[in-house]
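What follows is a set of notes on a single structure, which appears directly below.
Bear in mind these aren't lab numbers, they're just calculated from the coordinates by the rules spelled out. Because the structure is a prediction, the values reported are computed rather than measured. Cβ coordinates were reconstructed from backbone atoms using ideal geometry, including for glycine residues, and neighbour counts include every protein chain displayed.
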Amino acid sequence: MNVYLHDIPFEQAMGKFLERIEESGWGRLHASESIPVDEKAVGRTLTEPAWAQISSPHYHASAMDGFALKAENSNSAAPTNPLILSCTDQAIYVDTGDPVPEWANAVIPIEDIESLDLKSNLAHDRRKPDRIRIRSSVTPWSHIRPMGEDMVATQLVLPEGHVLRPYDLGALAASGNNTVRVRQKPRVGIIPTGSELIEVGKNAGRGEIIEFNSIVLAAQINQWGGEAKRYPITADEPKMIRKVVQKAIVENDLVLLNAGSSAGSEDFSSTVIEDLGEVLVHGISIRPGHPVILGMVRMVSSSKNEYYYEIPIIGVPGYPVSAALTGELIVLPLIAKWLGSNPQVAEEVEAILSKKTTSPGGEDDYVRVVAGRVGDRMLTAPLPRGAGVISSLSKADGLLKIPRGIQGIEAGEKVIIQLYRSKRDLERTIFAIGSHDLTLDLLAQALNRLDRRLVSANVGSQGGLVALRRGEAHMAGSHLLDPDTGDFNIRYIKEYLPEVRVRLVTWANRSQGLLIKKGNPKKIKSLKDLERNDIQFVNRQRGSGTRVLLDYHLEKLGLSQEFIKGYSNEEFTHLGVAVAVVSSRADCGLGVAAAATALDLDFIPLFTERYDLVIPLVYTNTDLMKPVFEIIQDQEFRETIGKIQGYDVSQMGQIVGEF
């Protein structure tokens, strides 16, 4: 029979199809289920955020094969002044990954060691020598992966709606997650039809065609997070096709009927679909794939209380390119809709490198990067490249290849990156660079629900203002105290951003104080205790608001920085300070109360400060940033932040001014 195809625009066809799916009740998100964190979890979609249950690593680990020692015991070692250490009480052998003894704070690589035990050859065996000779000193925490180097307990690992990749499974496992909640896989049945088709593996005779469309479609579906079921090849006989479709209706959420549907051919697809339900669209204005059929088919119960339910069906063209394109344009959005995720399409993009990247030069170098658009520029920045930093794999937006023979790429150069995410993801990315605050993870989770992605970098308040000046961020977190006025941020905005118009918006008032071990074994009471000889301090980095706050109060109290042990030891986040204290690298550090709560530390409140968001006016009224302001005004979100120890959100969202 001849079939007259309609030439319906793609958007109109999909709109009609999706509307009918919603009416049938088949448009809802699929239910969630709990699954183990193993290789079978790849491709699944999270239904709730995953948080770090433990720090990674959860102990101070040796980064080299060598000898653990106290760094200060090596200070006098030099090529002309070798130092001999006892392996009984001054040094101990450790393999890569071994816990570093509590009394040690450095590891010296085995290749820098000379054994003084003639029975031991360090190059070939690892029997303990009695003594070792070293010819160079090591600094504290050299060749040690400190606790929490990769991830810190309570940190957001992956947001709700994220599609799990192989690297993400490592991040989940490393952070102590044994199970995750994921969306149940949409089940898609694929029915190949055609009397001329034969199975893969059989010898094709004259007039016979090896059937592979169902293999391609099934692979696409599985890759996109669905669960494909391939039915046996069905001959070109409407009754037989009808029987298989009825079986597939019961077992799946969507049916793909790969049968003839073109004008001038035997139109088995539309015949069967009309028999079992309704043809909504037959013919879409796309090439290839013009003869696609979109419809609904129903199953009638045989019980006395007769009822029926219906599911969507797609008549897929027989040509392989058309079949594949049908999957990409129609099946993928449906699966993503049911999973609550965004379709992922691999692509490349040109971007400007925002940070200099070095390379060994003799090898092809693959650098994992984050990327996004700031203003009219697509920017990309390299992620941490440490061998143990699994989170860099999880956070990566793409891959930058630096060919061998090139020793690096300067900031500002154009590069091509191969994306792990869709380009659309990059366009919905908000860059927040500046001071660290634990609640930014909650903002990231809330933005994810509103189709935005927050990428944050912790470089300190001053570093954030510099990033805004360079046009490398959409907003910056800042809490810089003006010692002359007692106000926050305004003075520094005028100093660092004289030519950039910005809006200063209050995020929260935070309690800052000393993070100390549970039970306060050192009996620390105030900043004055930092000058005690038995107190080891850990500081925040230069340019951070916390560092400015500390220096202001030290000067006010007449305390000298040079008498504070550990003043020069820096961390870039409040959680980093907390980890240093909980892991005994320090006795105390200045940070927010929430960081103490996160790692079960005690907290001595000292100051209240205002943490603000600095947003260039050019972005304040954009569609990209609109969800940020919506979230700030959301009462439920405010209450969530307000329940965190040390946070006051009574002024959240207030505009301090425009400068």
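In square nanometres and to one decimal, what's the mean projected area of the convex hull around the Cα atoms of the chain?
39.4 nm²
What is the P(r) of the range 1-86, as percent of Cα-Cα pairs per 5 Å bin from 0?
Here the calculated profile for the range 1-86 is 2, 7, 9, 8, 8, 8, 7, 6, 6, 6, 5, 5, 3, 4, 4, 5, 2, 1, 1, 0.
If contacts are Cα pairs under 8 angstrom and at least 6 residues apart, what is the relative contact order of the chain in percent?
For the chain, the relative contact order is 12 percent.
Give the shape of the range 61-145 as rounded, prolate or oblate, defined through the alpha-carbon gyration tensor: a ≥ b ≥ c are the square roots of its eigenvalues, a/c under 1.5 means rounded, and otherwise the shape is prolate if a/b is larger than b/c and oblate if not.
In terms of gyration-tensor shape, oblate.
Out of the DSSP beta bridges found with both residues in the chain, what percent are antiparallel (nearest 5)?
75 percent
Calculate the length of the line joining the C-alpha centroid of the range 594-659 to that of the range 3-35, in whole Å.
40 Å
For a label point 7 Å from the Cα of Gln418 along Cα→C-beta, name the residues of the range 168-183 whose backbone N is under 18 Å from it.
Correct set: 168.
Beyond 32 Å between alpha-carbons counts as too far, so tell me which of Lys229/Lys401; Lys356/Lys494; Lys401/Lys494 fall in that bin.
Listed pairs above 32 Å: Lys229/Lys401; Lys401/Lys494.
Could you sort 376-383, 272-279 so that the peptide with the highest average Cβ count within 10 Å comes first and the rest follow in order?
272-279, 376-383
Can you give the translational diffusion coefficient of the range 446-658 in µm²/s, computed by Stokes-Einstein from the Kirkwood radius over Cα pairs at 4 °C and 1.567 mPa s?
72 µm²/s
Is there a pair in Lys355/Lys517; Lys355/Lys643; Lys523/Lys643 whose C-alpha atoms are over 31 Å apart, and which pairs would that be?
Lys355/Lys517; Lys355/Lys643
Against the longest principal axis of the chain, how steep is helix 238-251, in degrees 0 to 90 to the nearest 10, with axes from Cα atoms?
Taking the Cα atoms of the chain, the angle to 238-251 is about 30 degrees.
Quick check: the angle from helix 10-23's long axis to the longest principal axis of the chain, C-alpha only, nearest 10 degrees?
Around 90 degrees separate the two axes.
Just the number, please: percent antiparallel of the DSSP beta bridges in the range 416-493, rounded to the nearest 5.
Here the antiparallel bridges make up roughly 10 percent for the range 416-493.
Determine the dipole magnitude for the chain: charges of +1 sit on the beta-carbon of Lys and Arg, -1 on that of Asp and Glu, nothing else is charged, the reference point is the Cα centre, and the result goes in debye to the nearest 20.
760 debye
What does the highest-first list of 593-601, 643-651 look like by mean Cβ count within 10 Å?
Going from most to least packed, we get 593-601, 643-651.
Over the range 61-145, calculate the relative contact order: mean separation of alpha carbon pairs under 8 Å at least 6 apart, over the residue count, as a percent.
Computed value for the range 61-145: 45 percent relative contact order.
So if R0 is 60 Å, what FRET efficiency would Glu427 and Lys525 give, r being the distance between their Cβ atoms, rounded to the nearest 0.05?
Given R0 = 60 Å and the Cβ-Cβ separation, E is 0.70.
What is the fewest-to-most order of Glu531, Glu347 by other Cβ atoms lying within 10 Å of their Cβ?
Fewest to most other Cβ atoms nearby, the residues stand as Glu347, Glu531.
I need the peptides 441-453, 22-34 ranked by packing, meaning the mean over residues of other C-beta atoms within 10 angstrom, with the highest value on top.
Answer by packing, highest mean first, reads 441-453, 22-34.
Set Lys and Arg Cβ to +1 and Asp and Glu Cβ to -1, take the dipole of the range 34-124 about its Cα centre, and tell me which of Leu85, Thr47, Trp103 lies farthest positive.
So the residue we want is Thr47.
Listing Phe67, Phe629 from the residue with the fewest other Cβ atoms within 10 Å to the one with the most, what is the order?
Going from sparsest to densest Cβ surroundings: Phe629, Phe67.
Among Arg501, Arg131, which comes first, then next, by fewest other beta-carbon atoms within 10 Å?
With the fewest neighbours first, Arg501, Arg131 line up as Arg501, Arg131.
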